Structures are given as structure tokens and as C-alpha cells.
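All of the numbers you see were taken from the coordinates with simple rules; none came from a lab. Computed from a prediction, not measured in an experiment: that's the story for all the values here.
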Amino acid sequence: MKPLTRIAIVLLFIVLIGATALLVNLELRFSPASVGPDSGTMVVYLTLRDNQNIDAIASASCTEERPKPNGITEQVAIAIQEKTGAAIRNIVVSEFYPEDLDALVERTQKEKAEKTMPELRTPDRRESSYKTLFIGFPIWWDEMPRAIYSYLDKVDLSGKKIYIFTCSDNSVPEGFDRKIADIEPDAAVHPNVLNVRKEQAQKETIGKLVEAWLRELGLN
Ligand SMILES: Cc1cc2nc3c(=O)[nH]c(=O)nc-3n(C[C@H](O)[C@H](O)[C@H](O)COP(=O)(O)O)c2cc1C
């Protein structure tokens, strides 16, 4: 065989191996085993921005490019998703919260005082397929947003493992594991709750906090 033919065969071989590796990699990344129900884990979160801005709702996936920066809870949710390969969904109320601060304060305080159960826009479609749920929300008036109560009312989390993460400006509230365990008595709610404060809300810091938390939970 001529040397040139030999080199051409070797090059062809290398290209074929490269293409196969690329296809296998794509197959693994997008197979149902690594993303979606079969991964067994889902991140469910509420962030204010998605509950004020109709444009954000139009794109169901939070991996799509967003017109504004993500809410902080969403950034934490995405960090968890990236590190666990979980599926992800946001919780959205039917009636959006006002952009005006005074009106927002008034409505959220009223919801808290009256223990309102705001109607949700997001259908509870796939929770039953997941064994493990990360549930995340911002702290509103030292409490869970009422939409989280609506969510917990809609879904049956019996038999699931639940990990909670919260975001706040400066409160480091406690007891959400017990609150959620009271509503979902047949779920295993982990007491180690991650809280990310406003001053920690940079991508790198969030990544490190999430990594350390997952390690503590034995999930990393
Ligand atoms: C209605 C409302 C009430 C809030 N109450 C508290 C609170 O009691 N304590 C606190 O530290 N932060 C409070 N915050 C701040 C949010 O918890 C914090 O900014 C959070 O990181 C926002 O997350 P997000 O960007 O995902 O919506 C409140 C924010 C809103 C909008």
C-alpha cells in the first residue's frame, strides 16, 4: 500500500472515531436517563420575576435565553440542575404579582395574613415520575410564598425525598422542613435547608454553596 493511501486510511479512521465519540456524547447528554423523568430528580422553584413577567412564561425552559437576569432562586435552581442532571420547572401563579413595590407588598402581605392559596398557572404534570425533589423559593415575610402552599396542596409527594433551598435578603429562617413535612407527612423532608442570601448571589458563590450543600447531603 502506498504511504499516501495509508495516511488517508488512518485519517479516515480518526475522523470516524471522533464522530462516533461526539454522537455517543450527545446521546448520553440528551438521553432520558440523564435529563427528565428517568433521572429521578426534579428541581421545582418559584422566583418573583417569572411571576411578574409574562414574556418569561412563554419560554417554559429556563435554559433558554432570558430577556432579564434570572431571579436569585432561579440561579440556585439552575446550579442544582447543572450539578445533579435533574429536570427543572418553575411555579407560576395565574394572576401575576404587580411590578409596583407598594402594590406587591400589599398583595403578598394580604396573602400571608389571609392564608390565601393563589391559583397556579403551571400544571402539576410530572411530579409523580420523580423520586427526589428539590423545592426552592424566596423568603417572603419570613415565610414561604403562598404559591408554595398552593403547589404542595396540588401535588402528592408521598414517598419522595425532598430537599429545600431558600433565598433571602438577610433573614436566615428556619423550620421550613418541618412546615413542609407537616403538609406532606409521607415524604422524607431533609432538615438540611440551603439558604442563599442576597450578598452571596453571584454565580460562582452560588455554585460553591450548592456544591458544598450537595456534598453534605451525600448527593455529590
Ligand atoms: C414580598 C417580598 C417579601 C420579602 N420578605 C423577605 C423577608 O422577610 N426576609 C428577607 O430576608 N428577605 C425578604 N425578601 C427578599 C427576597 O427573599 C430575596 O430578595 C430573594 O433572594 C428573592 O429571590 P428571587 O429573586 O428568586 O425572587 C422579600 C421579597 C419580597 C418580594
Taking a ≥ b ≥ c as the square roots of the Cα gyration tensor eigenvalues, with a/c under 1.5 meaning rounded and otherwise prolate when a/b beats b/c, else oblate, which class fits the stretch 130-220? oblate
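With the cut-off at 26 Å, tell me which of the pairs K110/K208; K112/K179; K131/K203; K131/K179; K154/K179 have Cα atoms farther apart than that.
Cα-Cα > 26 Å for K110/K208; K131/K203; rest within.
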Which shape class applies to the stretch 36-216: rounded if a/c is under 1.5, otherwise prolate when a/b exceeds b/c and oblate if not, where a ≥ b ≥ c are the square roots of the Cα gyration tensor eigenvalues? rounded
